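Asker: Dropping a structure here in structure tokens format, bear with me for questions.
The values are calculated or read from the model by the stated rules, or taken from the named source; none is laboratory data. Just so it is clear, the structure is predicted and the values come from calculations on it, not from any experiment. Glycine also receives a Cβ, built like all others from the backbone with ideal geometry; neighbour counts cover every protein chain displayed. Heads up: the accessible areas ignore ligands, DNA and RNA and are worked out on the full protein's heavy atoms, side chains in. Shrake-Rupley method; radii C 1.70, N 1.55, O 1.52, S 1.80 Å.
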Amino acid sequence: DIHGFYDEMIEALNEKGYFNDTEPHKLIICGDLLDRGTQINEITNFVIDLMKKNEVILIRGNHEDLLIDLVDKLYDYLPDPSVYHHGQNGTYKTALSLAKMKKTDVEINPESFRNRVLCTPFARKIMENMIDYYETDNYIFVHGWIPCTAVKIRGKEITYYYKKNWREA
């Protein structure tokens, strides 16, 4: 979860030698690129650059879903989306940054806000290329979880059994 913290992401990638590795590789980002931090535009540029080089796999997270919820149901959240969960999660602030608008602009012209968010490179290029999961021979990459059933064994241990149809859940 990058959550809008570009500098911290770059620092972590540097620490792990990501930029020094000369072998072909892809960065797998498991969702939540946005909200909370203030560097969504830097993250957008970085990810789009990786996309152009076919060096990234993008998995959708719940904060990408929150952005879509905000713009799809904007009129339900007016006059002030910040008093709803979109304020607490940072989604409204992120959307304002993406749209390059102020709160007063949204009050005056909410439809312009919706359109501007949906026309951003983040929405049009990044979100449109996000997938629910990515699977290799040995690993499954998801944002949060795979649907499963938890079963207690001998009343103590919990064993998780993945549902056979989790890919369609």
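Asker: Restricting the first residue to the range 99-112 and requiring it to be in a helix (DSSP H, G or I), which pairs with a second residue that is β-branched (Val, Ile, Thr) and open to solvent by 70 Å² or more (accessible area, probe 1.4 Å) meet a Cβ separation below 8 Å and a spacing of at least six or different chains?
Answerer: Short answer, once both residue conditions are applied: none.
Asker: Right, here's the next one. Residues in the range 11-35 that are touching a residue at least 24 places away in the same chain (Cβ under 8 Å), under 27 Å from Lys93 (Cα atoms) and of a type outside the set (D, E, K, R): how many?
Answerer: Looking only at that region, the number is 7.
Asker: On the basis of being under 30 Å from Glu135 (Cβ atoms) and part of a helix (DSSP H, G or I), does Ala12 make the cut? Full working, then the answer.
Answerer: Values: under 30 Å from Glu135 (Cβ atoms): yes; part of a helix (DSSP H, G or I): yes.
Judged against the criteria, Ala12 is a match.
Asker: Which of the residues spanning the range 17-47 are assigned to a helix (DSSP H, G or I), acidic (Asp, Glu) and farther than 27 Å from Ser82 by Cα? Explain how you work it out, then say what you get.
Answerer: Of all residues in the range 17-47, those assigned to a helix (DSSP H, G or I) come to 40-47.
Adding the requirement that they be acidic (Asp, Glu) leaves 42.
Of everything in the range 17-47, nothing turns out to be assigned to a helix (DSSP H, G or I), acidic (Asp, Glu) and farther than 27 Å from Ser82 by Cα.
Asker: Can you tell me which residue among Glu15, Glu42 is surrounded by fewer than 13 Cβ atoms within 10 Å (Cβ to Cβ) and at negative phi?
Answerer: So the residue among Glu15, Glu42 that is surrounded by fewer than 13 Cβ atoms within 10 Å (Cβ to Cβ) and at negative phi is Glu15.
Asker: Name the residue that is farthest from Leu118 (Cα to Cα), counting only residues in the range 46-88 that are open to solvent by 40 Å² or more (accessible area, probe 1.4 Å) and hydroxyl-bearing (Ser, Thr, Tyr). Full working, then the answer.
Answerer: We begin by selecting, within the range 46-88, every residue open to solvent by 40 Å² or more (accessible area, probe 1.4 Å); these are 49, 51-55, 60, 62, 65, 68, 72-73, 75-76, 78-80, 83-85, 88.
Going one step further and asking which of them are hydroxyl-bearing (Ser, Thr, Tyr), we end up with 75, 84.
Numbers: Tyr75: 15, Tyr84: 20 Å.
That would be Tyr84.
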